[in-house]
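First the structure, then my questions, so here it is.
The values are calculated or read from the model by the stated rules, or taken from the named source; none is laboratory data. Computed from a predicted structure; not experimentally measured. For neighbour counting, all protein chains shown are included, and Cβ atoms are generated from backbone atoms with ideal geometry for every residue, glycine included. Ligands, DNA and RNA are excluded from the accessible area calculation, which covers all protein heavy atoms including side chains. Shrake-Rupley method; radii C 1.70, N 1.55, O 1.52, S 1.80 Å.
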Amino acid sequence: MSVSRLCYQFKAVTALSPSLFQKQLRLQEARRLLLSEGLDAASAAYRVGYHDASHFNREYKSLFGVPPMRDVQRLREEAQEPAGR
């Protein structure tokens with residue numbers, strides 16, 4: 001299968017290009033690291049393959065809507081709210 005055909009098939013199944021799919025996986029893994037391992041944004045960025053923390057921050061904000069540490073803080077606060085609120 002040619003590269004272009006593979007990309008076409010991949011996008012048909014996932015609705016994302018392979019590179020965008022990979023970027024989202026990396027950012028989701030970074031989010032998991034921030035939450036579960038308590039890493040700072042720069043450390044999480046490097047662990048998932050980013051070499052520039054500011055580039056990571058821009059892409060993270062683009063996907064999740066807020067910068068990494070604000071997102072983690074919000075998620076932790078939501079997790080501590082009582083059920084039914």
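Here is a check on your reading of the model: is Arg47 in contact with a helix residue (DSSP H, G or I) (Cβ under 7 Å, 6 or more places away or on another chain), modelled with pLDDT of 95 or more, open to solvent by 60 Å² or more (accessible area, probe 1.4 Å) and more than 23 Å from Ala79 (Cα to Cα)?
Criteria met by Arg47.
Listed here are the residues, each with its yes/no results for (1) modelled with pLDDT of 95 or more; (2) touching a His at 6+ places or on another chain (Cβ under 9 Å); (3) of a type outside the set (A, V, I, L, M, F, W, C).
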site: Met1; (1), (2), (3): no, no, no
site: Leu27; (1), (2), (3): yes, no, no
site: Arg32; (1), (2), (3): yes, no, yes
site: Glu59; (1), (2), (3): yes, no, yes
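Is region 62-85 home to any residue that is polar (S, T, N, Q), surrounded by 11 or more Cβ atoms within 10 Å (Cβ to Cβ) and touching a Phe, Trp or Tyr at 6+ places or on another chain (Cβ under 8 Å)? So that I can check it myself, show each step before the final result.
The first filter runs over region 62-85 and keeps only residues polar (S, T, N, Q), leaving 62, 73, 80.
Filter again for surrounded by 11 or more Cβ atoms within 10 Å (Cβ to Cβ), leaving 73.
Filter once more, so that each one left must be touching a Phe, Trp or Tyr at 6+ places or on another chain (Cβ under 8 Å): none.
Within region 62-85, none of the residues are polar (S, T, N, Q), surrounded by 11 or more Cβ atoms within 10 Å (Cβ to Cβ) and touching a Phe, Trp or Tyr at 6+ places or on another chain (Cβ under 8 Å).
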